[in-house]
1. Is there any pair linking a residue in the range 346-357 that is over 20 Å from ASN53 (Cα atoms) to one that is modelled with pLDDT under 85 and surrounded by fewer than 14 Cβ atoms within 10 Å (Cβ to Cβ), with Cβ under 7 Å and at least six apart or on different chains, and which?
2. How about the range 17-127: which helices (runs of 4 or more DSSP H) wholly inside it have at least 2 residues that are open to solvent by 10 Å² or more (accessible area, probe 1.4 Å) and on the phi < 0 side of the Ramachandran plot?
3. Please work out which one of (1) touching a Pro at 6+ places or on another chain (Cβ under 7 Å); (2) exposed (fewer than 15 other Cβ atoms within 10 Å of the Cβ) is the condition ALA380 fails and give its number.
4. Hey, ILE264 hits all of (1) under 30 Å from LEU353 (Cβ atoms); (2) touching a Pro at 6+ places or on another chain (Cβ under 8 Å); (3) surrounded by 22 or more Cβ atoms within 10 Å (Cβ to Cβ) but one; which does it fall short on?
5. Can you tell me which residue in the range 315-332 is farthest from the chain's Cα centre (by Cα), limited to those that are aromatic (Phe, Trp, Tyr) and closer than 12 Å to ALA81 by Cα?
6. Going through the range 171-192 one residue at a time, which ones are of a type in the set (Gly, Ala, Ser) and surrounded by fewer than 24 Cβ atoms within 10 Å (Cβ to Cβ)?
7. Scan the range 226-250 residue by residue and report those that are surrounded by fewer than 24 Cβ atoms within 10 Å (Cβ to Cβ) and farther than 16 Å from THR161 by Cβ.
8. Listed residues ALA244, ALA191, ALA199, ALA210; which is of a type in the set (A, V, I, L, M), touching a Pro at 6+ places or on another chain (Cβ under 8 Å) and at pLDDT below 90?
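The values are calculated or read from the model by the stated rules, or taken from the named source; none is laboratory data. Everything numeric here is computed off the predicted structure, so don't read it as measured data. Cβ placement follows ideal geometry from the backbone for every residue including glycine, while neighbour counts extend to all protein chains displayed. With ligands, DNA and RNA removed, areas are computed over all heavy atoms of the protein, side chains included. Shrake-Rupley method; radii C 1.70, N 1.55, O 1.52, S 1.80 Å.
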Amino acid sequence: MGRIGMIWLAANLVVTTLLTGTLFVPGVSFGTAFSMILTGTLVGMIVLTLIGNIGTRTGLPTMAATRGAFGLRGSLLPVAANVIILMGWSWVQAMLAGVTVNFLVAELTGFSNPILFSVLCQSLVVCLAIFGHEGIAKVEPWMALLILAIMGYVFYTAFSTFSLGEYQAIPVDESLGLSGITVLDIVISTAISWTVLSADFNRLARNSKAGMIGSGIGYTLSTVCAMTLGLVAFSYVILSGKDAAEFDPTVIVGSFGAPLALVIFFSVMATNTMVVYGMVTSVINARPQLRLKFLPTALVLGGTSIAGSTLLGLLDHFTDFLTMIGAFFVPVFAIMIVDYYLIKRRSYMHDILRDSGGRYWYTRGVNWVAVGVWIIGAGASYLLTYVWPSPIGATIPAFVVSFLLYFVLSLSTRARFAGTDKGHLGETVSIPTLADE
């Protein structure tokens, strides 16, 4: 339990989660922002732990587990979406690290080239992903403790300078178009973005109880701490009378100095290394029969991540990126939860590891019911966000629609999967490394 908790605590103490907290004030009040951070994290944590528990019980990584619902070939669709999302995360985090390093260098020397530093940061990440991902995984919990200590310094500075009442009294700017529900959707989308890796992490848990409690506590603590840090730091900048630009690390680094810059840099190095490594293993395990090699796959994906880190204008569209994650994966995880816990009754057979045939072949390898529900759920998410804004947000309705629709359409197949073994399948799942070359 403690080991899984530390893995999740370390995983989400990252700059993107921190800076997500800068998006909320003054669009909503400080108190509303904090309550939505807490509520959204708890809601998202439920989905994250349920998907993670599939990994604990079966030994399957998240994307391999999608074969149960989507079919052996149909699972390539969420796998492709996952690689796109992870690539986007690698770009965003590299840009944020590069902008932060550039800010410090410019302060000391006057030289400024944020694109150059973004490329250098991501190049280091790719090297670590190829040669040092195991070492990063081992030291990441220790980095988390360092980051927590620096967080304590920021919180102390912020609340010893201004009282809680002063933070709560920051005037709300309604022209920004935010509401408590909008903030809730953003926070839940953050949890969904991490759920793509939940089974990958939780397959290491000793049992379901340890995995669910450890990941639930670790994710909740790290997200609430990191996002609240961004909320507090940004509010501190506003109260100090300085120019405040949301989702800009230089704004809060300028107020809290090098310690916060170190948090941003080291968190990006640790987390982005595992993101790039996760992309590589997702691609290789998507079609094992192709026997893709680790090094050339890592070089292609790593090169793409380096090239994308130059597109600094994408930082202005981060909330749209989170919306895309929610639209892509909220329906996927609703379908997976129904399929594993209600239709397959907490059991996947070894057929899920086959290249073709077996119980998960469906129609030529695709479960078109799952694909259709996914399209409907994703469409509902976009419509409720951009066309007909929902008073209860988009993520929760999209999840409920996908959950109920897949359950109703798949209920008749439940007897077909009765009496299957509940064994652990992970021993035969390949997790490739450079040593396999």
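1. Taking only residues 6 or more apart or on different chains, the pairs are ASP355/GLN289.
2. Numbers: elements: 30-58, 62-65, 67-70, 76-109.
Passing ranges, in order: 30-58, 62-65, 76-109.
3. Tallying (1) touching a Pro at 6+ places or on another chain (Cβ under 7 Å); (2) exposed (fewer than 15 other Cβ atoms within 10 Å of the Cβ), ALA380 fails exactly one: (2).
4. Failed condition: (1).
5. Going residue by residue through the range 315-332, those that are aromatic (Phe, Trp, Tyr) are 318, 321, 328-329.
Filter once more, keeping what is closer than 12 Å to ALA81 by Cα: 328-329.
On the way: PHE328: 12, PHE329: 11 Å.
Here the residue is PHE328.
6. Of the range 171-192, the ones of a type in the set (Gly, Ala, Ser) are 175, 177, 179-180, 189, 191.
If the condition is that a residue be of a type in the set (Gly, Ala, Ser) and surrounded by fewer than 24 Cβ atoms within 10 Å (Cβ to Cβ), then SER175, GLY177, SER179, GLY180 are the ones that fit.
7. THR228, ASP243, ALA245, GLU246, PHE247, ASP248, THR250
8. Details: ALA244 fails: touching a Pro at 6+ places or on another chain (Cβ under 8 Å); ALA191 fails: touching a Pro at 6+ places or on another chain (Cβ under 8 Å); ALA210 fails: touching a Pro at 6+ places or on another chain (Cβ under 8 Å).
One residue alone meets the criteria, ALA199.
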